[in-house]
């Protein structure tokens, strides 16, 4: 029972912090200004949550174009730490290669789960909170993924099925990923 409780706490902590690091990386890719001085921006929440791990890594790993390697590496290291801790708690092997591979798959799964959540939030907010700042942000995050799908799918007028197609694709990717793992 104690192992399960510890595992739950570890999973939640790592999911929140590593997810925030992935979001920071994605926002940087989209050239979004996190603006640490703005009071109600996403940066005012994201930066304090992730700076403790990304800032030191920024001194070691420079960004590659718009790709924020420090944020991505921070997310990977957090997930790797979780995988190692879980393996040691369960008395599993102490080989580094499986830890590295499992951490990579867990990070991809975390990213896919985050995107699925964003799509759901964006769809719900487009119905009930259209025009709100959070709906604008979720739309900004999801639109680059929906645009190529909208080019392929036929126009159904007021009915936009592209979020459904994106959700289906993301869930198929999760199934494939979990089977590879």
Handout entry: Label-point gap, in nm, between residue 3 and residue 116 - each point 7 angstrom along Cα→Cβ
Key = 2.6
Completion exercise
To the nearest 10 degrees, the tilt of helix 162-180 (Cα long axis) against the first principal axis of the alpha carbons of the chain is 20
Handout entry: Using alpha-carbon coordinates, inclination of helix 2-29 to the longest axis of the chain, degrees
Key = 50
Completion exercise
GNM of the chain, Cα pairs under 10 angstrom: of 90, 73, 112, the biggest fluctuation goes to 90
Problem - the stretch 98-181 - Rg and Dmax from Cα coordinates, angstrom - result: 14.8, 49
Exercise for the section: Give me the percent of Cα-Cα pairs in the chain that sit more than 22 Å apart, rounded to a whole number. Expected result: 54
Handout entry: Angle in degrees between helix 133-152 and the longest Cα principal axis of the chain, rounded to the nearest 10
Key = 80
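Stretched out fully, how many nm does the piece from residue 59 to residue 85 gain, at 0.36 nm a residue minus the Cα gap? If you can, show how the numbers build up before the last one.
On the way: separation 26, 0.36 × 26 = 9.36 nm, distance 2.64 nm.
Residue separation times 0.36 nm, minus the Cα-Cα distance, leaves 6.7 nm.
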Handout entry: Chain lengthening between residue 45 and residue 140 when straightened (0.36 nm per residue, less Cα-Cα)
Key = 32.5 nm
Fill in the blank from the handout: For residue 160 and residue 177, extending 7 Å from Cα along the Cα-Cβ vector and measuring point to point gives, in nm, a value of 2.4
Problem - Mean separation of Cα contacts under 8 Å (6+ apart) over length of the stretch 95-181, as relative contact order % - result: 40
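Just so you know, all these numbers are worked out from the coordinates, no wet-lab data involved. Nothing here was measured: the structure is a model prediction, and the numbers come from that model. Note that we place each Cβ from the backbone using ideal geometry, even for glycine, and neighbour counts take in every protein chain shown.
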